[in-house]
Amino acid sequence: MKRLVSVSLSFVFVMMVCGLVFAECDGFIASKASNKYHMADCSIAKDIQADDEVCFKTQEEALKAGYAPCDICKPEEKIRVVGSKDSDTYHLLTCDLVKKIKPENLVEYSSPLEAVKLDRLPCEICKPPKPKINYIKYGRED
Ligand SMILES: [Zn+2]
Ligand SMILES: [Zn+2]
């Protein structure tokens, strides 16, 4: 019995090592040395040392872990966000508040930029990316 346990333990260990060595990141890549995350094909992401590399399947995971979108590859332009017809905030799809939005009131935006252009504000709870583009407001009377 003891032998069986140790065999299966070493099997798990081998699987873990293989996973670490061969796992290609097909989502979003961040470096432990910075606070930015990147598209897998970003030139900066390619320079991240394998030891420092952190892989996220989704941007929601990267944001939750405290990373901000890269200014060069701009992954936040590819994230979908949602809002409600009744409110002026936009959310990540994973936000708890999204679950409370009635399906008939749900509005989907192709990117945070899209949402901001429509005068939506980022949710304080899920903290979706906020485009740093001030010219959106330029020339408009408030
Ligand atoms: Zn990047
Ligand atoms: Zn939210």
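The values are calculated or read from the model by the stated rules, or taken from the named source; none is laboratory data. Bear in mind that the values here come from a model prediction, so they are computed numbers and not experimental data. No Cβ is skipped: glycine too gets one built from the backbone with ideal geometry, and neighbour counts run over all protein chains shown.
Observations
- Restricting 112, 69, 129, 122 to residues that are in contact (Cβ under 8 Å) with a residue 60 or more places away in the chain and within 16 Å of ligand 2 (Cβ to nearest atom) narrows the list to 129.
- Residue 100 meets all of the listed conditions (1) in contact (Cβ under 8 Å) with a residue 24 or more places away in the chain; (2) charged (D, E, K, R); (3) under 24 Å from residue 123 (Cα atoms) but one, namely (1).
Listed here are the residues, each with its yes/no results for (1) at pLDDT below 90; (2) surrounded by 13 or more Cβ atoms within 10 Å (Cβ to Cβ); (3) not in a strand (DSSP E or B).
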position: 18; (1), (2), (3): yes, no, yes
position: 29; (1), (2), (3): no, yes, no
position: 33; (1), (2), (3): no, no, yes
position: 71; (1), (2), (3): no, no, yes
position: 97; (1), (2), (3): no, yes, yes
position: 108; (1), (2), (3): no, no, no
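- Looking only at the stretch 38-66, and only at residues there that are aliphatic (A, V, I, L, M), away from ligand 2 (no atom under 13 Å from the Cβ) and crowded, with 19+ Cβ neighbours inside 10 Å, the one that is nearest to residue 104 (Cα to Cα): 62
- Of residues in the stretch 73-92 being part of a loop (DSSP other than H, G, I, E, B) and surrounded by 15 or more Cβ atoms within 10 Å (Cβ to Cβ), the one farthest from ligand 2 (Cβ to nearest atom): 73
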